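Visitor: Below you'll find the structure I mean.
The values are calculated or read from the model by the stated rules, or taken from the named source; none is laboratory data. If you're wondering where the values come from, they're calculated on a predicted model, not measured in any experiment. Here the Cβ positions follow ideal geometry from the backbone for every residue, glycine too, while neighbour counts run over all protein chains shown. With ligands, DNA and RNA removed, areas are computed over all heavy atoms of the protein, side chains included. Shrake-Rupley method; radii C 1.70, N 1.55, O 1.52, S 1.80 Å.
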Amino acid sequence: MRAIYFERNGGPEVLELKERPAPEPGDGEVLVDVEAIGINYRDVYERNGGGYGSEPPAIIGVEGAGRIHETGQRVAWANVAGSYAEQVAAPRKLLVPVPDGVSSEVAAAALLQGMTAHYLAADSYPIADGDWVIVHAAAGGVGLLLTQIAKTRGGRVIATTSTEEKAELARSAGADEVVGYEGFAERVRELTGGEGAAAVYDGVGKTTFEEGLKALRPTGRMILYGAASGQPDPLHLARLAPAGSLYVQRPTLQTYIRTPELLRERAQALLELIDAGLEVRIGARYPLDQARRAHEDLEARRTTGKLLLIP
Ligand SMILES: NC(=O)c1ccc[n+]([C@@H]2O[C@H](COP(=O)([O-])OP(=O)(O)OC[C@H]3O[C@@H](n4cnc5c(N)ncnc54)[C@H](OP(=O)(O)O)[C@@H]3O)[C@@H](O)[C@H]2O)c1
């Protein structure tokens, strides 16, 4: 089978297509024929190194959808190492059955970013009717889903994006206001009548975190769930008091799907949203051997929505 390996940590150039024997399932595992592979920003962190994901040499990626080789049953997963491949050996407990009405492409596109958007809106800060919330990088994979889910909960979304084309996408996902990154805290103050936002959902990190603290209302929540622009500088907790008794969370999806029951419940909640009309926007599909180009596009901020690799 063909798979995308990284022999060492580094830039997109370390990704290489290789021919390897099919993986052999161990105890509790099944062989899955992969039909669509989900690309996530976490794959960039894994490739760069620094303690995140698999150590090289390894097959990169964790998300996909396909069919169990023995039975043909359609399944999707968000946490199986070595997913940029034509076949994976996947622990059964990490597989989510895919209903007939959902294609493998949509399943691979929705699972990781969709379950993330769901726990952010429902648990990290449970958005209530009328709340103003900030969604950074709102035209991205998580961003477009989070914007839509925030709206279904009655939230009012202030989105940030870097281009007018991305702003248009954020608006079509339901964002009430779209602003650029420059001076966004001041714009949020204006738009919320001086009060500030109930929560900031920040997957950008270094370039947005500090200013995000200034955009929150008293007792607001800073949810730092990623670092596409790099890790923010360390925060002195004492600063949170005069800033309005703020909360800060640094969550990961892994906590929210840490048992098979939690995974099943979260995936079910997401599938119900898809059934009810949540749009899963596939911004681009790349053949498996174009993984390097996909990473270049993602890091250069050229992409919108979800990126898939098709084996
Ligand atoms: N903690 C969790 O459970 C969890 C789970 C899934 C994802 N995440 C995080 O969520 C974030 C979004 O992930 P995603 O896979 O959906 O990616 P994505 O949002 O589709 O892509 C990243 C976006 O971030 C924005 N960005 C701002 N500054 C950037 C910079 N310096 N370099 C690159 N991008 C920059 C860009 O949008 P603009 O051009 O509009 O700025 C870019 O399109 C990532 O930080 C990821 O690690 C966290």
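Visitor: Looking at (1) of a type in the set (A, V, I, L, M); (2) under 17 Å from Tyr119 (Cα atoms); (3) touching a residue at least 40 places away in the same chain (Cβ under 8 Å); (4) within 15 Å of the ligand (Cβ to nearest atom), can you tell me which one Leu224 breaks?
Guide: (3)
Visitor: Here's a follow-up. Identify all residues within region 119-140 that are open to solvent by less than 20 Å² (accessible area, probe 1.4 Å), of a type outside the set (S, T, N, Q) and under 17 Å from Arg266 (Cβ atoms); write none if there are none.
Guide: Tyr119, Leu120, Ala121, Ile127
Visitor: Mind checking which strands (runs of 3 or more DSSP E) fall wholly inside region 234-311 and carry at least 1 residues that are within 13 Å of Val106 (Cα to Cα), out of contact with any Pro (no Cβ under 6 Å at 6 or more places or on another chain) and open to solvent by less than 30 Å² (accessible area, probe 1.4 Å)?
Guide: Those strands (runs of 3 or more DSSP E) span 282-287, 306-310.
Visitor: Further, regarding this structure: Going by what's in this entry, would Tyr52 be described as of a type in the set (Phe, Trp, Tyr) and either part of a loop (DSSP other than H, G, I, E, B) or buried (at least 21 other Cβ atoms within 10 Å of the Cβ) (or both)?
Guide: yes
Visitor: Please tell me if Gly230 is closer than 30 Å to Glu16 by Cβ, in contact (Cβ under 8 Å) with a residue 40 or more places away in the chain and touching a Lys or Arg at 6+ places or on another chain (Cβ under 6 Å).
Guide: No: the conditions fail for Gly230.
Visitor: Next up: Here is a list: Glu165, Glu177, Glu86, Glu190. Which entry is out of contact with any Asp or Glu (no Cβ under 9 Å at 6 or more places or on another chain), open to solvent by 20 Å² or more (accessible area, probe 1.4 Å) and in contact (Cβ under 8 Å) with a residue 24 or more places away in the chain?
Guide: Glu165
Visitor: Of Thr255, Thr219, which residue is more than 14 Å from the chain's Cα centre (by Cα) and under 22 Å from Arg187 (Cβ atoms)?
Guide: Exactly one of Thr255, Thr219 is more than 14 Å from the chain's Cα centre (by Cα) and under 22 Å from Arg187 (Cβ atoms), namely Thr219.
Visitor: Let me ask something else about it. Within region 23-48, can you find the residues that are assigned to a loop (DSSP other than H, G, I, E, B) and open to solvent by less than 50 Å² (accessible area, probe 1.4 Å)?
Guide: Residues satisfying the conditions are Pro23, Gly26, Asn40.
Visitor: Of the conditions (1) modelled with pLDDT under 95; (2) in a helix (DSSP H, G or I); (3) of a type outside the set (D, E, K, R), Ala122 fails just one. Which one is it?
Guide: If we test Ala122 against (1) modelled with pLDDT under 95; (2) in a helix (DSSP H, G or I); (3) of a type outside the set (D, E, K, R), just (1) comes out false.
Visitor: Before we move on, is Val30 closer than 21 Å to Asp289 by Cα, of a type outside the set (Gly, Ala, Ser) and at pLDDT 95 or above?
Guide: no
Visitor: Kindly provide the set of residues from region 148-194 that are charged (D, E, K, R) and outside any loop (DSSP other than H, G, I, E, B), ordered by number.
Guide: Lys151, Arg156, Glu164, Glu165, Lys166, Glu168, Arg171, Glu177, Glu186, Arg187, Arg189, Glu190
Visitor: Consider Thr207 carefully, then state whether it is of a type in the set (Ser, Thr, Tyr) and either surrounded by 20 or more Cβ atoms within 10 Å (Cβ to Cβ) or away from the ligand (no atom under 13 Å from the Cβ) (or both).
Guide: no
Visitor: Now for a different question. Quick one: is Thr116 open to solvent by less than 30 Å² (accessible area, probe 1.4 Å), within 11 Å of the ligand (Cβ to nearest atom) and more than 30 Å from Pro311 (Cβ to Cβ)?
Guide: no
Visitor: Among the residues of region 35-49, are any of a type in the set (Val, Ile, Thr), out of contact with any Lys or Arg (no Cβ under 8 Å at 6 or more places or on another chain) and closer than 20 Å to Ala267 by Cβ?
Guide: Yes, the conditions are met somewhere in region 35-49.
Visitor: Considering every residue within region 61-74, establish whether at least one is among the hydroxyl-bearing types (Ser, Thr, Tyr) and touching a residue at least 40 places away in the same chain (Cβ under 8 Å).
Guide: no
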